[in-house]
Structure formats: C-alpha cells, structure tokens
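Right, one structure below, let's go through it.
Each reported figure results from applying straightforward, stated rules to the coordinates on display, with no laboratory input. Keep in mind that this is a model prediction, so the values were computed, not measured. Quick reminder, even Gly has a Cβ in these numbers, built from the backbone with ideal geometry, and neighbours come from all protein chains shown.
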Amino acid sequence: MLKPFALARRAVLAAGLLAATMTPALAADPAETFVSQNIQKGLALLNNKSLTTQQKRDQFEQFLLGLADVKRIADFTLGQYRRSAPPADVAAFEVAFQNYAVAVYQSYFSKYAGQTLKVVGSTQRAPTDYIVATQMIDPSDRSGQAPLEVDFRVRTDTAKPVLTDVALATSSGGQVWLSLTQRDQFVAFLGQNNGNVKLLITHLSDLAKQFKS
Amino acid sequence: MRGVGALFFGLCGLALAGCAAPSPEAMAANDPYEPANRQVFALNQQLEHIFFLPTLHRYQSLPQGLRTGVHNALRNLAGPTIFVNDVLQAQSERAERAAARFVVNSSIGLGGIFDPATPAGLPYHGEDFGQTLAVWGAGEGPYLMLPLLGPSNPRDATGLAVDTFVIDPTNYFHIEGHFWWDAGRQYLNLLDLRSQSFEALQGVERSSVDYYAALRSLFRQTRNAEIRNGAPTPAAELPDF
C-alpha cells in the first residue's frame with residue numbers, strides 16, 4: 001500500500017515540481033533517506049569479514065550511538081519510573097541501557113548481515129515523527145517466502161534524524177516494536193521489585209556481559 | 001472431551017482463586033491476575049522443560065521436508081475454520097482464498113502435505129474465532145496465562161474453545177478415538193509452532209529482564225496485528241517518546 005506513494009513521490013521529484021507541490025507526505029523523504037543510507041551501512045559493517053570480533057563490536061557501538069537516540073529510548077523504557085526515580089539512578093540507568101542495547105541489537109542485526117535493505121515507504125505520525133517501512137532482502141533465499149518486513153521509527157526534532165524504535169514482523173502476521181516490549185518488561189520488573197532502579201541496572205549490566213562473552 | 005474441558009477450566013479457576021490485590025503496574029498492564037498468571041507461567045515452563053522440549057528437539061532433528069509436510073498439513077486442516085471465520089467477519093476476498101487454498105492443497109497437494117496454492121497466488125492467512133469476536137467489537141478482557149496453552153485472555157480463550165469444539169468440521173465426523181485425534185493434532189500444532197519460534201523465543205528469554213512480561217507484551221502486539229490482518233500498527237496507537 002505504501003509502495004505507490006513512494007513511486008509517486010519520486011516521479012514528482014524527477015519532474016522538478018518539489019517546491020510547488022510540497023505536501024506532508026513528501027516531507028517523509030528525509031526519514032526514508034536516513035534509514036536507507038544508515039541501516040545499509042550497519043548491515044555492511046556486520047558483514048565485513050576483514051574486521052575482528054572486537055573491531056566489529058566497537059564499530060557497531062559507534063554506529064548505533066550515531067544513529068539512535070539511546071538516551072531518549074532509555075528514558076522511555078523506564079515508563080512512569082522515569083519521573084519518580086532519583087536523577088542519579090536515571091543517569092546510571094541510561095549508561096547501563098546503552099551497553100545492554102548495543103550488545104542486544106548487535107546480536108539481532110547480525111542475523112541479517114548478508115541482506116540488503118529496501119525502503120518501501122513511510123508514514124508521518126506527527127510533524128517530526130515518521131515510520132519508515134522496509135524489507136530485508138536476502139539474495140541467497142530460494143524459499144520463495146516474503147521478505148522480512150522491518151519498520152523504523154525516526155524522529156526529526158533534533159539537529160539530525162534519529163532512530164527511536166524498530167518493529168519486526170512475525171511469521172504469523174504480527175508486528176513487534178522493540179522499545180515498547182522493553183518498556184513493558186522494565187516497568188513490570190520494577191513493579192515486582194519496589195521500583196528499585198539500581199536492581200534493574202545490575203540486571204541489565206549482567207545481561208550485557210553475557211551477550212558480549 | 002467434556003472431561004478435559006472441565007479439568008482445564010477447573011485449573012484456570014484454581015489459579016485465579018488465590019489472587020491477591022493487583023498492583024498498580026499489573027492494573028496498568030491489564031493483568032489483574034498477575035501473581036496467579038506468573039505461577040501458571042512457572043508451571044508451564046517446568047512442564048515444557050520436562051515433557052515438551054525433549055520431544056521438540058527430536059522433532060527438530062527430523063528432515064526439514066518432513067517437518068514442512070506436517071506444517072502444511074496442519075495449516076490445511078485449519079482451512080475450514082479459517083474460511084468460516086473469514087465469512088463471519090464478512091471478509092469475502094479472504095474467504096474465497098481460504099476455500100480455494102483448501103480445495104487446491106487437499107487435492108493437488110495430496111491432502112495438504114504440499115502447498116501448491118501459495119505459488120499459484122493463494123497465500124496462507126490465519127483467522128480464528130477470537131479475532132472474529134474482536135472484529136465484532138469484543139474487548140480482550142484481562143490477560144490470562146492458561147495452563148499448557150500459554151498467553152491468552154477471555155476473548156481469545158473463548159475463541160479457541162469455539163474453534164476447537166464448534167467450528168472445526170472434524171467434530172461432525174465420526175472418528176474412532178476422537179479424543180486422541182484432537183489431542184494428537186493439538187500436540188502437533190504446538191510442536192510445529194514452537195519449532196518455528198524456538199530460536200526467536202530463546203533470544204527473547206536470553207535478553208529479557210522479565211521473560212513473563214516480555215511474552216505478555218509480544219503476545220499483545222502480535223495478537224493486535226493479527227486482528228488487523230497484518231496491517232502496521234496505526235500511528236495514533238504508538239506511544240510518544
């Protein structure tokens with residue numbers, strides 16, 4: 001459903017009518033370009049066989065921190081505890097979350113290292129809030145199955161676009177947003193442990209170590 | 001079969017009977033029976049490790065072609081139920097596709113072992129009575145962790161019972177040992193589903209600080225997308241960052 005919009009948009013651009021015909025839908029292009037250029041770089045990085053495991057890990061960390069607004073995601077995943085927790089605990093949580101996210105996302109994206117990303121369209125949720133729809137194309141896949149659909153949520157309210165969430169399609173036709181899932185489990189964990197953010201930090205640090213070992 | 005149903009709902013009632021006052025987090029997550037649900041979840045995990053995983057590992061060691069055949073046949077057996085629910089949801093195009101798939105795969109696909117319908121332009125889609133109830137406007141109700149069956153809610157548990165005991169056409173055929181036919185089919189369904197999601201769920205468990213809450217979130221998001229027939233999450237329903 002999104003594809004025709006993307007094609008129409010490119011046709012309008014090619015005709016040099018951009019300035020005259022600017023619409024809200026057209027304004028989605030910066031988010032699409034951002035995803036198209038950067039995610040492909042990340043996949044190429046994970047697929048780079050000339051790098052050692054440590055080099056790959058270090059470069060992926062730099063890549064992710066340059067791409068995603070990790071502090072904003074961390075604060076979101078704390079839910080209502082973001083307001084009630086001591087500022088020092090929130091700051092420590094942001095650091096722990098960053099280490100955890102780098103380790104976990106590297107693990108997630110490594111599975112798609114040999115694939116290419118194709119942007120198929122985007123929708124604008126708010127003036128600075130976009131959802132970019134993509135497909136992971138596996139050149140070696142001969143199964144005839146539909147490619148994996150991955151949506152990226154991009155905010156453009158800062159100096160440069162930033163990634164705030166990723167949604168993966170499931171085999172049953174479902175869709176799962178990662179930050180939303182993390183918020184649900186962190187809030188549940190804190191609810192089970194009297195809102196003890198320090199305990200959550202310890203837990204996240206342990207998980208990050210496990211993923212890196 | 002009635003005995004099994006009574007035992008199952010009895011276990012559910014027993015699990016819910018010992019509920020303490022729900023926490024604010026449990027209420028916010030629409031999980032007022034969270035303490036009981038967590039107990040059932042712990043029981044399910046133990047049962048899975050003792051009884052289910054050894055069988056699952058054996059099943060996964062079978063040739064891929066054989067497992068694909070089982071997967072195709074199970075999907076084909078669900079075809080009539082999917083068709084009826086498509087009709088109940090007034091989804092004529094999807095109902096036609098479900099019917100055509102069933103005819104093609106039951107005949108050319110040798111009883112559903114092969115899936116010639118998909119390359120012929122008739123891809124599979126799922127549908128069940130829980131989704132039909134949702135389309136008719138029924139709310140999901142509180143989150144429930146069902147013994148043996150896992151994440152659910154009153155709407156989807158009702159839907160599962162209606163699909164299994166009312167809509168499924170095999171209820172209306174005389175099958176010798178019908179109970180074992182049903183039980184075997186459900187067990188194979190679970191094996192098939194778990195073998196497909198085993199690696200992904202292992203990843204979720206490994207990266208979770210609270211596996212129970214992670215599964216609850218994944219179940220809700222996935223289920224809502226299934227009810228939307230795979231359409232992306234409406235932008236207005238996404239939270240603000």
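Listing for the model above:
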quantity	calculated
At R0 = 35 Å, FRET efficiency that the Cβ-Cβ distance of A:ASN47 and B:PHE241 yields, to 0.05	0.75
Cα gyration tensor category, rounded, prolate or oblate, for the range B:37-149 with a/c compared to 1.5	oblate
For the protein assembly as shown: rounded, prolate or oblate by the Cα gyration tensor [a/c cutoff 1.5]	oblate
5 angstrom amide H check on A:VAL120, placed H, neighbours 5+ away	A:ALA133, A:THR134, A:GLN135
Reachable aspartates and glutamates from A:LYS209, criterion Cα separation under 19 angstrom, eight or more residues apart if same chain	A:ASP58, A:GLU61, A:GLU94, B:GLU205, B:ASP210
log₁₀ of I(q)/I(0) at q = 0.13, 0.21 Å⁻¹ - the range B:71-134, Debye sum with one point per alpha carbon	-0.30, -0.73
Within chain A, longest stretch free of exposed trypsin sites (Lys or Arg not before Pro) [DSSP loop, at most 12 other beta carbons within 10 Å]	A:50-141
Candidate lysines - alpha carbon under 19 Å from A:LYS41, same-chain residues fewer than 8 apart omitted	A:LYS49, A:LYS56, A:LYS111, A:LYS118, A:LYS160
CD proxy at 222 nm, helix term only [per DSSP H run n ≥ 4: -39500 (n - 2.57); per residue of chain A; nearest 500]	-17000 deg cm²/dmol
Per residue Cα convex hull volume in Å³ - calculated over the range B:136-241	147 Å³
The range B:224-241 - phi-based ³J(HN,Hα) in whole Hz, Karplus 6.51/-1.76/1.60, Gly and Pro as x	4, 5, 5, 5, 7, 6, x, 5, x, 4, x, 3, 5, 7, 6, x, 6, 9
Overall form of the range A:160-213 per C-alpha gyration tensor (a/c, 1.5; a/b vs b/c)	prolate
Virtual spin-label span in nm between B:ALA120 and B:TRP181, 7 Å along Cα→Cβ	2.5 nm
Linear extension gain, B:TYR172 paired with B:ILE50, 0.36 nm per residue minus alpha-carbon span	40.4 nm
In Hz, Karplus ³J(HN,Hα) per residue of the range B:152-158 (6.51, -1.76, 1.60; θ = phi - 60°; x = Gly, Pro)	6, 7, x, 5, 6, 5, 4
Chain A pair-distance distribution - Cα-Cα, 5 Å bins, rounded %	1, 6, 13, 17, 17, 16, 13, 9, 5, 2, 1, 0, 0
